[in-house]
Amino acid sequence: MSERKNFGAQPLLFPQPVLIIGTYDENGKANAMNAAWGGIVGSDEIIIDMSHHKTTDNIMKLKAFTVSAADAEHVTACDYVGLVSGANEPQKMEKAGFTVTKSAFVNAPVINELPVTLECELVKVVDDSKYLGKIKNVSVDERVLGEDGQISLDKFNPIIFDTVHHGYYRFGEKVGSAFLDGARLK
């Protein structure tokens, strides 16, 4: 058996999704930011941990946001929206090459270029930085749907974030079948 090394308390859970948070400001101008810490916490809830940003101000004002999964085709734009503040760069969305459509379910933008978007209503803020949202709808571009009408990871290429070396990676190949492989050990 190999030795183990202790790293202490760190956010080293893999894979870490790359989440693009979309909001409108009080004037209806779309904004987006890259958030690395977040995930599903129930069948219809998501939580995102963010320090203070224009995006968080927008969420508090309009009580709504979208969460899109960053994909390999848009890695440069997704990284860019995490580097530049919408408060300082009024053309941030345009420079990223992002266009938006207003969600029919919440007062927040759906980024047209990113194929999978959770449309969320703010439930509450926990510990001053964790934004709990209720998922009101998931909109999916038909270009990433398989023959069964569901999201196909053969067509959709979400990226993950390596918190150690700060890299973005594609998902790998399928290595098993949930609820079936383990049943062989019953």
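Each reported figure results from applying straightforward, stated rules to the coordinates on display, with no laboratory input. What you see is a predicted model; the values in this text were computed from it and never measured. Every residue, glycine as well, gets a Cβ built from its backbone with ideal geometry; the counts of neighbours run over all protein chains shown.
So how many residues does region 113-162 have that are under 17 Å from residue 74 (Cβ atoms) and among the basic types (Lys, Arg)?
Matching residues across region 113-162 total 2.
Could you look through region 153-168, keep only residues that are without any contact (Cβ under 8 Å) to a residue 24 or more places away in the chain and touching a strand residue (DSSP E or B) at 6+ places or on another chain (Cβ under 9 Å), and pick out the one that is farthest from residue 20 (Cα to Cα)? I'd like the intermediate steps shown before the answer.
First pass over region 153-168, keeping only residues without any contact (Cβ under 8 Å) to a residue 24 or more places away in the chain: 153-155, 165-167.
Still in the list and also touching a strand residue (DSSP E or B) at 6+ places or on another chain (Cβ under 9 Å): 155, 167.
Details: 155: 19, 167: 16 Å.
Within region 153-168, the match that is farthest from residue 20 (Cα to Cα) is 155.
Filter region 155-175 for residues that are hydroxyl-bearing (Ser, Thr, Tyr) and either touching a Ser or Thr at 6+ places or on another chain (Cβ under 9 Å) or not in a loop (DSSP other than H, G, I, E, B) (or both) and give the result.
Answer for region 155-175, where residues must be hydroxyl-bearing (Ser, Thr, Tyr) and either touching a Ser or Thr at 6+ places or on another chain (Cβ under 9 Å) or not in a loop (DSSP other than H, G, I, E, B) (or both): 168, 169.
Take region 48-75 and flag every residue that is in a helix (DSSP H, G or I), touching a strand residue (DSSP E or B) at 6+ places or on another chain (Cβ under 7 Å) and under 19 Å from residue 16 (Cα atoms).
Once the filter is applied, which keeps residues that are in a helix (DSSP H, G or I), touching a strand residue (DSSP E or B) at 6+ places or on another chain (Cβ under 7 Å) and under 19 Å from residue 16 (Cα atoms), region 48-75 yields 72, 75.
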